[in-house]
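Read through the structure below, which is laid out as C-alpha cells, and then see the notes.
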Amino acid sequence: MAANNICVNVSSLSDDLKKNAVVVIRVLKVRNLGKNKLGQNVRPLVKVKIANKTIGSTDVASTKDAEPFFHETFLFFTSPHMEKITHDATIDLVVCSFNEVSPLDVGTASLPIAQGTAEPKWMPLKMVKGSGGEIMAHLFLIPESRAAASPELPFADFPLHSNCHVRLYQDAHTGDVLPGRPAQNAYEDMYHSVMNAKEFIYITGWSVWTELPMIRNESGDHGSKVLLGHILRDKAEAGVRVNILVWDEISSVPDKYGDPFVVEGVMGTFDEETRMFFQKTKVNVKAMFRAGPLHVEEVIMSHHQKTIICDEDVAGKRSVVAYVGGLDVTCGRFDTPKHPLFSSLSTLHKGDFYQTTCAVKVETGPRQPWHDIHCKLFGRVAMDVAQNFEERWVSKLDKTNINVANVSEKLVGVAGGVSKGLKGFAKKKKKKEEPAPAAPKAMVVEDDGGAMLYKKDHLGSAAPGNGAWKCQLLRSIDRYSVVQQKQGDVASIWRTIYNTYIFRICASQRFVFIENQYFQGSSYFWNAKVNPKAHNLIPLAITNKIVNKIHAGEPYAAYIIVPMFPEGEPATIGMQAMLHWQFYTVSMMYDRIAKALKEVGSSRHPTDYLVFMCLGNRENFPLPAAADNAHLCVKNRRHMIYVHSKFAIIDDEYVICGSANINDRSMRGNRDTEIAVCAHQPAGGAPKRDGEVQNFRLSLWQEHFGESPACFRAPESPECVARIQEIAKKNWELYSGDEIIDMDSHALIYPYNVSSDGVMEPSVPHFPDYPKAPINGKVTPLPSIVTT
C-alpha cells in the first residue's frame, strides 16, 4: 500500500483517531544556519524530542550543500494513557551543530501533533544566536486501524512485494528432533543452494569461517568437501562469480612481516583468516570497516548483516534466492533444538567447540548452546537482498566513502579493555588492502573500481508454492556504508527495521512474541537516575500497547525471550552494564503496566501481560575425571542457551527476521549495519488461525516449552499466559536446583521478581554458577555508546 493511502493529514482526523495513532515525522532539510564559533559552516544534525525526551537523532549532514539534507523518517505513537505522549503533545526539532564531544543547539522548531503539516514545509527556527534559520519537515498520523490493515511500511528504501515465499529455520539444524514438525536444516539448505549455483554467490558476514562444516554426521568426521571455504573456492574455480563482504574487525591484523600468522582480534571473527584463505583463489573478498562521522565507528561499530544470495532452480526457472537472519556462517552456531552441552563434544561438535562465558576445557565442556532463527527468501524480495549487497560492494570501492581518519585516542582511552595498539590498526590494515582483481568483462557491471557485480538481469524471481507471502526488505544503514542505486532524494540514514518494529507493534491486536539477543531501550522514560541515551522506543511501544488493551478490557500478551546474560563472562564490566540497562528497561515496563491495572481497578498481575524469559539446559552426562577443579557449570552440568535470534512474530500474521538486536546499536541506523525482512501471511479464521507463521511459532514453542496444548493457539488468552508461566517457573527450579536431571524443555522464567504494584527486583542475588555476577548489573565506566 502506498504511503499516501495510509498517512493522513492530522486536521482531517477526529480526536478519537488521533488518540491511538502512529506519528510519522520526516526531517528533510535545513538552511541559513550561520557559522559556528570557528567561523565555519554549521555541520547540522537534528534531534527529535517530545516532552524534552529524545526519541531520535539524524545523521550529521554535509556542509557542502546550501540546504543540507537528511530525508530521514522517525516513527512514534500517541496514547491517551501515557503521560506527556498524548496527541496534544508537541514535537520539538532541535537543530544542533555537530562536534565530536557534544552537539551544540543552534535552533528549535516546534510541531504540535494535533496540528501536523499538510505537506512538507519550511518552518522558522527559534535560534540560540542570530536569526533566519529554517527546517523543512512533515508530520502526520496513521490511525491504528489503517496501520493494522497495511502490511507495508511507508517511506522505506525497499517496497513491499507480493507473490513471495519464506522458509523459516529454528536453530541451524532440527532434523527429526521435533515430533510432527518438518525438518528445518539451515546449513544443509545453504549448502545445497551454494552447490546448485551456476552463475553467482554473494555473501555478507559479520564473521565467515572457511572451516565451517555445512553438512555434519554423528561421527564428527565431516571431510573437507563440505567445509564452506573449500566449497566456495571450488565454485569460483568452476566459473561461478563468488563475492564476499566481511566486517573488517579492527583488532585483527596480519603481523607486520606478512607471515601467515594472524592476530585473532578481540571479537574472533576470522576476517583476516578468511582473506588469507582466498588470497590466491578466484573468490573475491572485501573486508569493510564501519565508517562514520565520529571517526571512532571503526573501533566500536560493526557490519552485522548475515546474508547469502545466489541463483538456484526454483519452480523450473533459474532464479535468485536469499538467506537472511541471525545465523552467522561461523564457529559455534551449529545446534539443534536439544541444545546438548556435553554429549555432542566428540560427535556433532567435534572440531567446533565454542565457549565464551567461562574458562573450560574442550574435554570437559560444556559447550555454549546456541539458539538462532534464519530464513530463506524466494521472489522479488530476494532481488532486493542482492541489491543491498551490490550497494554495499560499490560503497567499498568508492574511496570517498571510506573513513580514513585515525582512531580517536580519547575513545580508546575510555573504552577499558581495548588494546592500546588499536589506534594504529586502521592505518596498518588499510595499507595492506589489495586492489580489486580483474574479472571477465561480460560478467560484471563496470564502474571505476571494477565492481565485479554479476549481470543477473536475465535471472527470475520465482517462488515455490502459491506465493502467499508479502515481503519487505528492511535495513539499518547509512550513507557511509552504502551507495544507493535509486535516483532523487535518498535518506542519509535508513532505520526501516526500527520503524517496522514500532509500526507493527502499534498495529498489533493480540500478541507479540520476541526472541532477541538484547532487550534494552526507551531510557528517557525510565524511573532511574541514569540515562544512557538509549533512544529506541520498542520497549515503550510494547508497554503502550499493553496499557491500551488493559484500559479497553481486551486480552493481549507480550512474550520476550533473551539470553540469561550477554555473551561473555557475566561479571565483567561490559556484561554488567548491559544487564543494568536491561533491568531498567523491563522495570519501566512492569511499573507502567501495574499503574494501568490499578487505574482500571483490575486484580490481575503485571506478569499476566508481559512474560520475560531466558533459555537454559541441564544434561545428566557422566562427569569426566579431568573436571576436578573445573568451573561450577561443569560440576552442576548446566549452561544457559545463548539466544542469538533477532526475531518477532506479531498476531501470527507478521514475522520480522534479520540481524538486528533490540538495542540502539542495531536500531539507530548509523551504528551497526543490519538487514531484516518483514514477511506477512494473513492468518486463518479464529479459533484455529493456522498458517505458516503460527505453525512456525508452535514449532518454536514446542522446543522451548516441551508441549503444544490447544491454548497455545491463542497466545493472548489468560490460559496461555498461565501455562507458559507455569512451565517457565518449573524449568527455572530444575535449572537452578541441586539435583542434576535432563531437561525436556528449556524456557526459564527470567530471575526477576515482580510485585503486584510493578516493583521489580532480582529473584536471586546472582546467576547460577557465577557468584560474582549480579542479576541487575551495575553502572560501569564504559561509554554508553559501547553498551547500548
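The values are calculated or read from the model by the stated rules, or taken from the named source; none is laboratory data. Bear in mind that the values here come from a model prediction, so they are computed numbers and not experimental data. Cβ atoms come from the backbone with ideal geometry, glycine included; neighbour counts cover every protein chain shown. Heavy atoms of the whole protein, side chains included, go into the accessibility calculation; ligands, DNA and RNA do not. Shrake-Rupley method; radii C 1.70, N 1.55, O 1.52, S 1.80 Å.
Can you pull out every residue in region 74-109 that is in contact with a His (Cβ under 9 Å, 6 or more places away or on another chain) and either over 25 Å from Asn41 (Cβ atoms) or β-branched (Val, Ile, Thr) (or both)? Please lay out each step first, then the result.
The first filter runs over region 74-109 and keeps only residues in contact with a His (Cβ under 9 Å, 6 or more places away or on another chain), leaving 78-81, 100.
Those that are in contact with a His (Cβ under 9 Å, 6 or more places away or on another chain) and either over 25 Å from Asn41 (Cβ atoms) or β-branched (Val, Ile, Thr) (or both): Thr78, Ser79, Pro80, His81.
If we keep just the residues of region 524-537 that are more than 16 Å from Ile50 (Cβ to Cβ) and in contact (Cβ under 8 Å) with a residue 24 or more places away in the chain, which is least open to solvent (accessible area, probe 1.4 Å)? Even if it seems obvious, please write down each step before you answer.
First pass over region 524-537, keeping only residues more than 16 Å from Ile50 (Cβ to Cβ): 527-530, 532.
Next, from what is left, pick out any that are in contact (Cβ under 8 Å) with a residue 24 or more places away in the chain: 527-528, 530, 532.
On the way: Asn527: 112, Ala528: 36, Val530: 41, Pro532: 8 Å².
Filtering first and then ranking leaves Pro532.
Out of (1) more than 30 Å from Glu692 (Cβ to Cβ); (2) at pLDDT below 95; (3) assigned to a loop (DSSP other than H, G, I, E, B), the odd one out for Lys286 is which?
All conditions pass for Lys286, except number (3).
Could you tell me which residue of region 563-589 is farthest from the chain's Cα centre (by Cα), considering only residues that are within 19 Å of Phe513 (Cβ to Cβ) and open to solvent by less than 10 Å² (accessible area, probe 1.4 Å)? Explain how you work it out, then say what you get.
Going through region 563-589, the residues within 19 Å of Phe513 (Cβ to Cβ) turn out to be 563-564, 582, 585-586, 589.
Retained after the next criterion (residues that are open to solvent by less than 10 Å² (accessible area, probe 1.4 Å)): 563-564, 585-586, 589.
On the way: Pro563: 14, Met564: 18, Thr585: 17, Val586: 18, Met589: 21 Å.
Here the residue is Met589.
If Ser110 meets every condition in (1) in a loop (DSSP other than H, G, I, E, B); (2) open to solvent by 60 Å² or more (accessible area, probe 1.4 Å); (3) of a type outside the set (Val, Ile, Thr); (4) touching a strand residue (DSSP E or B) at 6+ places or on another chain (Cβ under 7 Å) apart from one, which number is that one?
Exception for Ser110: condition (1).
Just one of (1) in a loop (DSSP other than H, G, I, E, B); (2) open to solvent by 10 Å² or more (accessible area, probe 1.4 Å) trips up Glu390, so point out which.
(1)
Working carefully through the options Glu152, Glu144, Glu119, Glu100, find the one that is modelled with pLDDT of 95 or more and either within 30 Å of Asp478 (Cβ to Cβ) or surrounded by 18 or more Cβ atoms within 10 Å (Cβ to Cβ) (or both). Let's see the steps before the verdict.
Details: Glu144 fails: modelled with pLDDT of 95 or more; Glu119 fails: modelled with pLDDT of 95 or more; Glu100 fails: modelled with pLDDT of 95 or more.
When all the criteria are applied, what remains is Glu152.
If Arg638 meets every condition in (1) touching a strand residue (DSSP E or B) at 6+ places or on another chain (Cβ under 6 Å); (2) open to solvent by 10 Å² or more (accessible area, probe 1.4 Å); (3) closer than 30 Å to Pro532 by Cβ; (4) not hydrophobic (A, V, I, L, M, F, W, C) apart from one, which number is that one?
Only one criterion is unmet by Arg638, namely (3).
Scan region 113-129 residue by residue and report those that are under 18 Å from Leu28 (Cβ atoms) and assigned to a strand (DSSP E or B).
Lys121, Trp122, Met123, Pro124
Within region 14-30, count every residue that is farther than 20 Å from Ile477 by Cα, surrounded by fewer than 24 Cβ atoms within 10 Å (Cβ to Cβ) and either at pLDDT 95 or above or out of contact with any strand residue (DSSP E or B) (no Cβ under 8 Å at 6 or more places or on another chain) (or both). Can you show your working first?
As a first pass, look at region 14-30 and keep what is farther than 20 Å from Ile477 by Cα: 14-23, 30.
Among the residues that remain, those that are also surrounded by fewer than 24 Cβ atoms within 10 Å (Cβ to Cβ) are: 14-20.
Within this subset, residues satisfying the condition of being either at pLDDT 95 or above or out of contact with any strand residue (DSSP E or B) (no Cβ under 8 Å at 6 or more places or on another chain) (or both) are 14-16, 19.
The number of residues fulfilling the criteria is 4.
Before we move on, is Met195 at pLDDT 85 or above and open to solvent by 10 Å² or more (accessible area, probe 1.4 Å)?
Values: at pLDDT 85 or above: yes; open to solvent by 10 Å² or more (accessible area, probe 1.4 Å): yes.
So Met195 fits the description; yes.
Out of region 150-180, which residues are assigned to a loop (DSSP other than H, G, I, E, B) and among the aromatic types (Phe, Trp, Tyr)?
Going residue by residue through region 150-180, those that are assigned to a loop (DSSP other than H, G, I, E, B) are 150-159, 171-180.
Answer for region 150-180, where residues must be assigned to a loop (DSSP other than H, G, I, E, B) and among the aromatic types (Phe, Trp, Tyr): Phe155, Phe158.
Mind checking whether some residue in region 63-79 is of a type outside the set (Lys, Arg), open to solvent by 50 Å² or more (accessible area, probe 1.4 Å) and under 23 Å from Gly521 (Cβ atoms)? Can you show your working first?
Let us first name the residues in region 63-79 that are of a type outside the set (Lys, Arg), namely 63, 65-79.
Pick out the ones that are also open to solvent by 50 Å² or more (accessible area, probe 1.4 Å) and you get 63, 65-67, 69.
After this cut, where a residue has to be under 23 Å from Gly521 (Cβ atoms) as well, the list is none.
Looking through region 63-79, none of the residues is of a type outside the set (Lys, Arg), open to solvent by 50 Å² or more (accessible area, probe 1.4 Å) and under 23 Å from Gly521 (Cβ atoms).
Pro768 - would you say it is modelled with pLDDT of 95 or more, surrounded by fewer than 17 Cβ atoms within 10 Å (Cβ to Cβ) and over 27 Å from the mean Cα position of the chain (by Cα)? Give the steps one after another, and end with the answer.
Working: modelled with pLDDT of 95 or more: yes; surrounded by fewer than 17 Cβ atoms within 10 Å (Cβ to Cβ): no; over 27 Å from the mean Cα position of the chain (by Cα): yes.
Taking the combined requirement at face value, the residue does not satisfy it.
It is to be established whether one or more residues within region 651-659 are surrounded by 24 or more Cβ atoms within 10 Å (Cβ to Cβ), under 20 Å from the mean Cα position of the chain (by Cα) and assigned to a helix (DSSP H, G or I).
No, the conditions are met nowhere in region 651-659.
Residues Val60, Val42, Val30, Val48: which one is without any contact (Cβ under 8 Å) to a residue 60 or more places away in the chain and aliphatic (A, V, I, L, M)? Quick ask: steps written out before the conclusion?
Details: Val60 fails: without any contact (Cβ under 8 Å) to a residue 60 or more places away in the chain; Val42 fails: without any contact (Cβ under 8 Å) to a residue 60 or more places away in the chain; Val30 fails: without any contact (Cβ under 8 Å) to a residue 60 or more places away in the chain.
Only one candidate qualifies: Val48.
Could you grab me the full set of residues in region 46-92 that are of a type in the set (A, V, I, L, M) and either in a loop (DSSP other than H, G, I, E, B) or closer than 13 Å to Val27 by Cβ (or both)?
Residues satisfying the conditions are Val46, Val48, Ala51, Ile55, Val60, Ala61, Ala66, Leu75, Met82, Ile85, Ala89, Ile91.
Inspect all residues belonging to region 591-613 and state whether any of them is under 19 Å from Glu761 (Cβ atoms), in contact with a Gly (Cβ under 7 Å, 6 or more places away or on another chain), among the aromatic types (Phe, Trp, Tyr) and open to solvent by less than 20 Å² (accessible area, probe 1.4 Å).
No: region 591-613 contains no residue that is under 19 Å from Glu761 (Cβ atoms), in contact with a Gly (Cβ under 7 Å, 6 or more places away or on another chain), among the aromatic types (Phe, Trp, Tyr) and open to solvent by less than 20 Å² (accessible area, probe 1.4 Å).
Can you report the number of residues in region 496-523 which are assigned to a strand (DSSP E or B) and either free of Cβ contacts under 8 Å to residues at least 40 places away in the same chain or open to solvent by 10 Å² or more (accessible area, probe 1.4 Å) (or both)? Break it down into steps so the answer makes sense when it comes.
Step one: list which residues in region 496-523 are assigned to a strand (DSSP E or B), which gives 511-516, 519.
In the following step, the residues that additionally are either free of Cβ contacts under 8 Å to residues at least 40 places away in the same chain or open to solvent by 10 Å² or more (accessible area, probe 1.4 Å) (or both) were identified as none.
Number satisfying all stated conditions: 0.
Can we say Ile215 is among the hydrophobic types (A, V, I, L, M, F, W, C) and part of a loop (DSSP other than H, G, I, E, B)? Even if it seems obvious, please write down each step before you answer.
Values: among the hydrophobic types (A, V, I, L, M, F, W, C): yes; part of a loop (DSSP other than H, G, I, E, B): yes.
The answer is yes for Ile215.
Pick from region 728-760 the residues that are charged (D, E, K, R) and without any contact (Cβ under 8 Å) to a residue 12 or more places away in the chain: which of them is most open to solvent (accessible area, probe 1.4 Å)?
First, the residues of region 728-760 that are charged (D, E, K, R): 729-730, 733, 738-739, 742, 744, 757.
From what is left, the residues that are without any contact (Cβ under 8 Å) to a residue 12 or more places away in the chain are 730, 733, 738-739.
On the way: Lys730: 126, Glu733: 127, Asp738: 152, Glu739: 130 Å².
Once the filter is applied, the top-ranked residue is Asp738.
Quick check on this structure: which one of His138, His230 is in contact (Cβ under 8 Å) with a residue 12 or more places away in the chain, within 30 Å of Ser110 (Cβ to Cβ), open to solvent by 10 Å² or more (accessible area, probe 1.4 Å) and not in a loop (DSSP other than H, G, I, E, B)? Give the derivation first.
Values: His230 fails: within 30 Å of Ser110 (Cβ to Cβ).
Unique residue meeting the criteria: His138.
List every residue pair whose Cβ atoms lie under 7 Å apart, where the two residues are 6 or more positions apart in sequence or sit on different chains, the first residue falls within region 353-371 and is in contact (Cβ under 8 Å) with a residue 24 or more places away in the chain, and the second residue, located anywhere, is open to solvent by 10 Å² or more (accessible area, probe 1.4 Å) and outside any loop (DSSP other than H, G, I, E, B).
Lys361/Ala626; Glu363/Ala626; Thr364/Ala626
Can you pull out the residues in region 524-562 that are in a loop (DSSP other than H, G, I, E, B), more than 18 Å from the chain's Cα centre (by Cα) and more than 16 Å from Tyr498 (Cβ to Cβ)?
Trp526, Asn527, Ala528, Lys529, Val530, Asn531, Pro532, Gly553, Glu554, Pro555, Tyr556
Does Ile542 satisfy the condition of being within 25 Å of Thr607 (Cβ to Cβ), at pLDDT 95 or above and crowded, with 23+ Cβ neighbours inside 10 Å? Walk me through how you get there before you give the answer.
On the way: within 25 Å of Thr607 (Cβ to Cβ): yes; at pLDDT 95 or above: yes; crowded, with 23+ Cβ neighbours inside 10 Å: yes.
Yes: the conditions hold for Ile542.
Filter region 336-363 for residues that are buried (at least 19 other Cβ atoms within 10 Å of the Cβ) and of a type in the set (S, T, N, Q) and give the result.
As a first pass, look at region 336-363 and keep what is buried (at least 19 other Cβ atoms within 10 Å of the Cβ): 336-342, 344-345, 348-349, 352, 357, 360.
Within region 336-363, Thr336, Ser344, Thr357 meet the criteria.
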